[in-house]
1. Between a residue in the range 47-71 that is free of Cβ contacts under 8 Å to residues at least 12 places away in the same chain and any residue that is in a helix (DSSP H, G or I) and surrounded by 10 or more Cβ atoms within 10 Å (Cβ to Cβ), which pairs come within a Cβ distance under 8 Å, given they are 6 or more apart or on different chains?
2. Taking the stated definitions as given, is Ser3 more than 25 Å from the chain's Cα centre (by Cα), modelled with pLDDT under 80 and of a type in the set (Ser, Thr, Tyr)?
Amino acid sequence: MASQGKDLTQITITVLMAIFGVGAATPLVILGSLSRVSLVKVRGRLLNAGRYGKQVFGSRMLCFGILIVTWADKSVEAWILDRTPDWLTAPRHRLDSMLT
């Protein structure tokens with residue numbers, strides 16, 4: 001069809017999209033291969049950070065759980081909302097009024 005000059009725009013678009021696809025994929029493939037090499041180098045540090053992060057996350061969840069069970073979360077929420085600027089809480093109040 002291209003040799004006859006028919007549907008030349010469709011073929012041009014297809015070729016351009018293929019070139020775009022190769023161009024978009026090339027940096028991603030390079031980054032993927034480089035990140036694998038880098039990940040192997042820092043694997044130990046990431047594992048240690050993961051262990052530490054689990055402990056921090058677990059202790060925070062325990063504290064939040066205690067706050068919820070003792071109903072202390074309501075007073076903490078009220079304390080935070082008292083100190084929050086109106087422009088930050090106004091969308092929430094508008095949403096509440098629309099839903100009720």
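The values are calculated or read from the model by the stated rules, or taken from the named source; none is laboratory data. Note that the structure is a prediction, hence the values are computed from the model and not measured. All Cβ positions, even for glycine, are placed from backbone atoms using ideal geometry, and neighbour counts span all protein chains on display.
1. Close Cβ pairs (under 8 Å, with a partner that is in a helix (DSSP H, G or I) and surrounded by 10 or more Cβ atoms within 10 Å (Cβ to Cβ)) amount to Phe64/Asp73; Ile66/Ala72; Leu67/Asp73; Leu67/Val76.
2. yes
Matching residues to (1) at pLDDT 95 or above; (2) surrounded by 10 or more Cβ atoms within 10 Å (Cβ to Cβ); (3) under 23 Å from the mean Cα position of the chain (by Cα):
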position: Leu62; (1), (2), (3): yes, yes, no
position: Ile66; (1), (2), (3): yes, yes, no
position: Arg83; (1), (2), (3): no, no, no
position: Trp87; (1), (2), (3): no, no, no
position: His93; (1), (2), (3): no, yes, no
position: Asp96; (1), (2), (3): no, no, no
